[in-house]
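Quick notes on the structure that follows.
We did not get these values from a lab; they are worked out from the coordinates using the rules stated. Treat the numbers as computed from the prediction; the structure is a model and nothing was measured. Every residue, glycine among them, receives a Cβ derived from its backbone with ideal geometry; neighbour counts consider all protein chains shown.
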Amino acid sequence: MPVETVETHCPYCALQCGMALDSQSQITPLDFPTNRGGLCQKGWTAAELLGSGQRLTTPLVRERRSASFRPVDWDTALEVVSRGMRAAQNDHGPDAVAVFGGGGLTNEKAYQLGKFARTVLRTSSIDYNGRYCMSSAAAAANRAFGIDRGLPFPVIDLAATGAVLLMGGNVAETMPPFMQHLLAVRDRGGALIVADPRRTATVEAATSHLALTPGTDLELALGLLHIAVVDGYVDHRYVADRTAGFDDVWRVATQWWPERVERVTGVPVASQRAAVRALAAGREGRGAVVLTARGAEQHGNGTDTVTGLINLSLALGLPGRPRSGYGCLTGQGNGQGGREHGQKADQLPGYRKIDDPLAREHVAAVWGVHPSALPGPGPSAYELIERIGTGDGPRSLLVHGSNLAVSSPRSGRVVERLGSLDQLVVCDPFMSETAALADVVLPVTQWAEEEGTVTNLEGRVLRRRRAASPPPGVRTDLEVLSGLAARLGHETGFPSDPRAIFDELRRASAGGVADYSGITWERIDTEGGVFWPCRSEHGPGQARLFADGFPTPDGRARFVAVDAGPAAEDVDDEYPVYLTTGRIAQHYQSGTQTRRVPVLAAAASEPRVEMHPDLATSSGVRDGERVRLVSRRGSASGTARVTASIRPDTVFMPFHWGGEQAVNRVTNPALDPTSRMPEFKVCAVRIERESVD
Ligand code: SF4
């Protein structure tokens with residue numbers, strides 16, 4: 001048989017590297033703008049998941065309190081699920097059934113999941129794991145610019161700029177092909193400044209490292225703004241013509257003089273000054289960009305931290321200037337599209353607010369229901385889980401595309417909460433840690449076995465194309481929703497054809513902030529992707545935002561006055577070390593996929609606990625021995641890796657593993673008051689050796 005090749009995109013991160021996948025599961029990187037022929041080891045090995053012997057191929061049902069599953073046919077499984085949902089709602093009302101989605105779901109799935117929750121279940125209890133990912137950056141961008149598109153310019157603009165400040169991202173490990181764009185800045189004599197408590201692989205490539213104390217990102221942002229003002233780098237004309245609110249912001253920043261910032265953050269005054277000088281010099285030349293990633297965002301004050309950095313970028317006059325601005329490096333594969341189409345607790349499709357009467361009217365008309373039939377905003381991801389087992393909390397939970405037992409903060413408690421549900425239903429290609437707790441597991445297709453669209457970190461809408469047949473017995477998430485909707489009395493309105501769903505999504509998004517109405521699958525094919533907003537089939541998508549103003553009522557960007565305070569938890573005598581978490585090169589998110597790829601699992605089979613030699617000595621820990629990190633919430637074990645690349649007061653542990661190795665058993669669920677993002681990036685721990693000799 002001739003070998004057939006399909007052009008598609010990587011199943012993992014938001015860079016959405018272009019790749020060709022052939023019918024013999026061979027992957028070839030493509031010269032797509034974000035990856036320019038590069039792939040990381042996760043992308044190169046992605047096809048191994050398709051033939052994995054660990055695939056689930058039949059629905060599984062667990063009798064109540066039974067230890068094991070029994071395989072059943074699809075009709076039986078869907079009947080069990082719909083019966084459980086009906087029982088929960090009959091006894092306890094609509095919100096007794098909750099839905100949990102994911103930032104890896106295609107646009108069509110995210111849209112259909114939101115519609116299913118709001119019109120079939122009529123529940124307000126729906127949120128998704130993107131709440132744990134980029135919600136702080138989204139909230140900050142929305143209030144400053146009136147829009148949240150991770151990068152408001154194409155990735156290729158980065159390679160041409162003159163200076164980049166990257167706050168809290170280790171892209172050399174998380175999205176390696178992205179590094180070529182940053183290295184182009186450095187190699188042309190520009191500045192690449194990275195703020196991170198660790199000396200990461202990204203820092204190694206940088207021109208400057210701001211090694212801040214975990215949890216002091218906002219103090220640093222305020223200090224950089226202070227320097228920009230005092231040292232004369234503010235673009236006063238830009239501030240006067242294009243923004244509002246600067247005076248209030250300066251009233252706060254005036255209190256964060258460089259020496260105070262050095263005392264709090266550990267970043268020397270000279271490094272602070274050099275960073276601002278470099279950004280200002282870049283602005284006068286090719287351009288300057290401020291980027292954030294999870295290191296700056298996953299805090300109890302993550303929205304304010306990102307706001308502090310947006311304030312800096314506005315004071316320097318960057319957003320809307322060529323090759324300049326502020327951007328967020330979205331993490332999950334469809335982290336951008338996943339937050340636009342209505343699987344968020346507070347949102348309807350088109351990035352519309354669920355409590356906006358006009359938005360409700362528009363979307364209700366597309367869905368063929370009365371606006372009053374749509375529920376209002378519901379609890380955020382962690383709060384939804386916290387409510388399980390309480391009087392009016394969820395009794396039944398449907399999960400698509402998320403391994404929340406590993407990715408949620410204080411995950412030991414999350415596992416307990418999931419165990420108290422009347423019914424937990426998990427749709428997954430694999431037996432994830434969350435699926436293992438379920439009452440019903442529904443085996444679903446993977447990335448290359450289905451059609452759909454995703455939206456990458458630039459806001460470019462892309463096609464994921466089918467390149468392989470799924471194993472017999474497996475269905476798509478859309479077929480699952482279609483089958484459940486029919487059993488719950490909605491015979492129409494829930495097709496399983498992703499193209500039909502995309503066409504409806506276009507109508508639902510029309511006129512919204514994230515307007516897809518002009519985007520068709522055909523255009524994506526011929527144009528190699530289309531940027532949103534795209535309001536007409538005959539006009540281009542908007543690749544670069546803000547050149548002519550901001551989508552706010554008066555066209556001006558908003559400075560928002562924010563001030564710093566202590567992290568939700570500080571170190572003390574009992575828990576004397578800071579913990580920060582993150583990702584490593586071999587694994588993606590909760591590891592459900594990558595831990596099943598043999599070459600990746602062999603290269604990183606267990607979590608490492610990075611600690612400085614001084615800390616190792618004072619803790620009596622040797623390199624390579626088993627250690628346990630203990631916090632007020634739980635403990636997690638890993639292997640000590642002694643390295644001078646981390647601050648002596650801090651340990652780092654990646655979050656890709658479950659069970660005893662799940663670092664999220666330790667992390668702090670203190671929530672950002674605006675975005676409801678948990679404080680993943682800093683908490684207080686002590687180190688214990690597992691074997692005492
Ligand atoms: Fe590209 Fe990200 Fe996939 Fe790696 S994981 S190949 S960086 S899309």
Q: Pull up the cross-link candidates among the aspartates and glutamates for Lys681, meaning alpha carbon to alpha carbon under 16 Å and not fewer than 8 places away within one chain.
A: Asp196, Asp217, Glu219, Glu297, Asp304, Glu569, Asp570, Glu610, Asp649, Asp672
Q) Rounded to the nearest 5, what % of the DSSP beta bridges within the chain are antiparallel ones? A) 45
Q. Any idea what the relative contact order of the chain is, in percent, if you count C-alpha pairs under 8 Å spaced at least 6 apart?
A. 19
Q. How do Ile227, Ile310 line up, fewest other C-beta atoms within 10 Å first?
A. Ile227, Ile310
Q. Farthest toward the dipole's positive end in the chain, which of Val415, Pro613, Ser432, given Cβ charges of +1 (Lys, Arg) and -1 (Asp, Glu) about the Cα centre?
A. Pro613
Q: Divide by every residue of the chain the summed helix terms, -39500 (n - 2.57) for each DSSP H run of at least 4, and state the resulting mean residue ellipticity at 222 nm, rounded to the nearest 500 deg cm²/dmol.
A: -8500 deg cm²/dmol
Q: Using only Cα positions of region 1-47, each an equal point scatterer, no hydration layer, compute I(q)/I(0) via Debye at q = 0.18 Å⁻¹ and quote the log10 values to two decimals.
A: -0.46
Q.
Cβ neighbours within 10 Å, averaged per peptide: list 596-608, 122-134 in order, most packed at the top.
A. 122-134, 596-608
**Q.** For region 612-672, convex hull volume per residue from C-alpha positions, Å³
**A.** 105
Q. Looking at Val185, Ala195, Val171, which one has the Cα that reaches farthest to the positive end of the dipole of region 162-232 (charges on Cβ: Lys, Arg +1; Asp, Glu -1)?
A. Val185
Q) In debye, nearest 20: dipole of the chain around its Cα centre with unit charges on the Cβ of K, R (+) and D, E (-)? A) 260
Q: Kindly give Rg over Rh for region 135-329, based on alpha-carbon atoms, with the Kirkwood expression for the hydrodynamic radius.
A: 0.92
(Q) I want the antiparallel fraction of DSSP beta bridges within region 577-689, as a percent rounded to 5. (A) 60
Q) Any idea what the relative contact order of region 135-329 is, in percent, if you count C-alpha pairs under 8 Å spaced at least 6 apart? A) 31
Q: Take the alpha carbon atoms of region 87-130, find their center, do the same for region 276-350, and report the distance between the two centers in whole angstrom.
A: 29
Q: Take the alpha-carbon centre of region 482-561, take the same for region 353-414, and report the distance between them in whole Å.
A: 21
Q. Given the alpha-carbon gyration tensor of region 577-689, what are the semi-axes of its equivalent ellipsoid in whole angstrom, ordered largest first, with each equal to the square root of 5 times an eigenvalue?
A. 21, 20, 12
Q | Over region 512-617: Rg over Rh, Cα atoms, Kirkwood Rh | A | 1.18
Q. To one decimal place, what orientation-averaged projected area in nm² is obtained for the convex hull of the Cα set of region 385-452?
A. 4.9
Q: Largest first and in whole Å, give the semi-axes of the chain's equivalent ellipsoid, each being the square root of 5 times a Cα gyration tensor eigenvalue.
A: 37, 30, 25
Q | Set of lysines with alpha-carbon distance to Lys115 below 22 Å, sequence-local pairs under 8 removed | A | Lys344, Lys353
Q) For region 1-66 and region 607-656, what is the separation of their Cα centres, given in Å? A) 33
Q | Sparsely packed GluC sites (Glu not before Pro) within region 550-659, loop by DSSP, other Cβ within 10 Å at most 12 | A | Glu574
Q: Would you work out the relative contact order for region 230-361, in percent, from Cα pairs under 8 angstrom that are 6 or more residues apart?
A: 21
Q. Volume per residue, Å³, of the convex hull around the alpha-carbon atoms of region 1-126?
A. 168
